[in-house]
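Notes to accompany the following structure.
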Amino acid sequence: MRSDVPLSLVVVASLELLAGSKSSSGGCALRTHRAVATLTCLLVLPACTAGPPPAASPPLSAAPQSLEESMVASGWYRVAPEADLVTPGGHVRVTGLSDVVATGPDTAWAVGYYADAYDEPRQGVLLRMDGKRWRIEERLWKRFPEASDTGMGGIDADGPGNVWAVGNAGVGDNEEDAPFALRLDGHTWRTIKPLGEGKNRSLSDVAVDGSRVVLTGKRWEYTDDGPSFTPILLSWNGKRFYKQEFERGGSFDAVDAGAGHTWIAGSRTPEGCTGSRPAIWHRSSPQEPLVKMRLPAMGAGALRGILQKGPSDVWAVGEAGTGWRCGGGGVVRPLVLHWDGVSWKQAELPGGQGSLHSVTALGSDDVWMVGSSERNSWGVMLLHYSGRRWTREFLAVDGSVEEQWNEYALTSIPGTSGLILVGSAGAEDSEEAIVYRRR
């Protein structure tokens, strides 16, 4: 759940990592809306013509500025300690959280799971914040008592009376996948199974645009060369779902929607897992076809999060690098792409390895992304774009941060200048969910 500017106007704002070690999935991004056109022309592009650029298409960064070497994030504080996560059924230690959405200063939801041990089945949970206290609102084993495991990966809302979450349950003797959606109408959570019954299907993310809701997922089959995936797009018009399947080899991992537009971020694997490339799909209205967009050449990688701030201001985040494979590995660097209404441009970021999982924004000149870096195992990596420069910070959390294990998500809090960060710290049996808030 989840904005762009001409890349030809980008200049690098450099930044080095602090000593330490550290390093998930979903994404973050950056955006700007102001810069000096004359300086940009002198610094970046011989073909830049006289006169200021359009206000809607500002540069991704201004002239290089001297930045401190790794900053320690400030203004964040931890909320929702384990003791607060109590239900009428007893105490539950939440293990990890994968997505979060806020609809006001005192109302937010997050989804994730708990498990008795890392090699034991996972059971999905849905948390709600009322005021300053978080509580477990839904435990999925109650909705799917015959499921061997359950989990939720995406949640979105445009108000307290219109909240959607998606997940998957393993049911039956063969632990068949049973994708589902939960819908809150302001009073009651209802279970919906938009893909019906069957095997080898899952839902990954959801985006709410008023009465219109978009869900993404996939269907797969096993071949001699390994699993083959078919992306699925589900559209809810307020009364019923419409299902579309797309060319095999794609992966719809994150979706955002607004003003009739739909944006999907993920990857394409035309040559197998090692040939995976970042990919973005778009349609400008529910009646238009979904089109794969042209992106800059950037090598192997994937996108894990996407954010629309406007039809001409969209951000996508993820990772790219050498030796990258679908299941992780290789040397990867954070990847940020921005759409200015004309083309996608790749932002030049502070140096360093890592991956971005999620992106949110408080305004065109106040964009935040979260992820991990293998060089800093003590903190979560945050990138911030101020409209003039990039900065990188590390938020120290109670536990280690593992690039291939922990996952993070960000959301802005409407009506405030605050943010909420969710995820987990630690690995295997020491993993524990975290919730942080920024004033």
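The values are calculated or read from the model by the stated rules, or taken from the named source; none is laboratory data. Note that the structure is predicted; figures quoted are calculated from it, not measured. So basically every Cβ, Gly included, is an ideal-geometry build from the backbone, and we count neighbours across all protein chains shown. Areas reflect the complete protein model, heavy atoms only, side chains present, ligands, DNA and RNA absent. Shrake-Rupley method; radii C 1.70, N 1.55, O 1.52, S 1.80 Å.
Brief remarks follow.
- Listed cross-link partners K132/K193; K292/K345; K243/K309; K243/K345; K193/K243; K142/K193 are compared with a 21 Å cut-off, the Cα-Cα value being larger for K132/K193; K243/K309; K243/K345.
- Where GluC sites (Glu not before Pro) fall in DSSP loop in the stretch 215-306, at most 14 other Cβ within 10 Å: E247, E271
- Cα centroid separation - the stretch 337-355 against the stretch 136-213, whole Å: 32
- Selection from H384, S424, I434 lying farthest towards where the dipole of the stretch 383-439 points positive, charges on Cβ: H384
- Centroid-to-centroid separation of the stretch 109-124 and the stretch 252-305 [C-alpha atoms, Å]: 29
- Contact order normalised by residue count of the stretch 203-293, Cα under 8 Å, 6+ apart, percent: 21
- Heavy-atom accessible surface of R78, to the nearest 10 Å², is about 70 Å², with a 1.4 Å probe and all protein chains retained.
- For Y118, the accessible area of its heavy atoms, probed at 1.4 Å with every protein chain present, is near 110 square angstrom.
- The stretch 100-184 - percent of accessible surface contributed by carbon and sulfur, probe 1.4 Å: 41
- Rounded to the nearest 0.05, the FRET efficiency derived from the C-beta distance between F246 and E146 at R0 = 41 Å is 0.85.
- Extended-chain gain in nm, criterion 0.36 nm per residue less alpha-carbon gap, D116 and R139: 6.8 nm
- Remark: spin-label model distance D185-S284 equals 3.6 nm, labels positioned 7 Å along the Cα→Cβ axis.
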